[in-house]
Amino acid sequence: METTLSSKGQIVIPRHIRENHGWKPGVRFSISEEGDVIVLKPAVSGKTTQLEDVIGCAGYDGPKKSLADMKSGIFEEARRQSASWSLC
């Protein structure tokens, strides 16, 4: 699949890709480079939720964890899940 860069620096994302991801007109993206690959991700919109805002909602019943322990666990799980993502 190919697309062309317009004189305004715009490209068209094919309809089936937009529909697969649920992207509607107006969605904002962050763009980054990883070597010779361009990565396009929907930008996070709205207020960012802080861990302190949701402590207690998960029903954790084990030993108490420090905020550092929880953040470490969250980042480790994010790393684990991102390792399985595919760019194609």
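A few remarks follow.
- Computed from backbone phi with θ = phi - 60° and the Karplus coefficients 6.51, -1.76 and 1.60, the 3J(HN,Hα) list for the range 74-84 is 5, 5, 5, 5, 4, 4, 4, 5, 5, 5, 8 Hz; x is used for glycine and proline.
- The range 7-12 - phi-based ³J(HN,Hα) in whole Hz, Karplus 6.51/-1.76/1.60, Gly and Pro as x: 5, 8, x, 9, 10, 9
- Only helical runs count toward this figure. For the chain, summing -39,500 (n - 2.57) over DSSP H runs of n ≥ 4 and dividing by all residues gives -9000 deg cm²/dmol at 222 nm.
- The residues HIS21, HIS16, when put in order of fewest to most other Cβ atoms within 10 Å, stand as HIS16, HIS21.
- Sequence-ordered 3J(HN,Hα) estimates for the range 61-72 from the Karplus curve with 6.51, -1.76 and 1.60 and θ = phi - 60° stand at 10, x, x, 4, 10, 6, 4, 4, 4, 5, 4, 4 Hz, glycine and proline given as x.
- Gain on full extension, evaluated as 0.36 nm per residue between SER6 and ILE38 minus their Cα-Cα distance, stands at 9.8 nm.
- If you wrap the Cα atoms of the chain in a convex hull and average its projected area over all directions, you get 9.0 nm².
Throughout, read-outs are computed from the coordinates displayed, never taken from laboratory work. Since the structure is predicted, the reported quantities are computational estimates derived from the model, not experimental observations. Cβ: placed from backbone, ideal geometry, glycine included. Neighbour counts: every protein chain shown.
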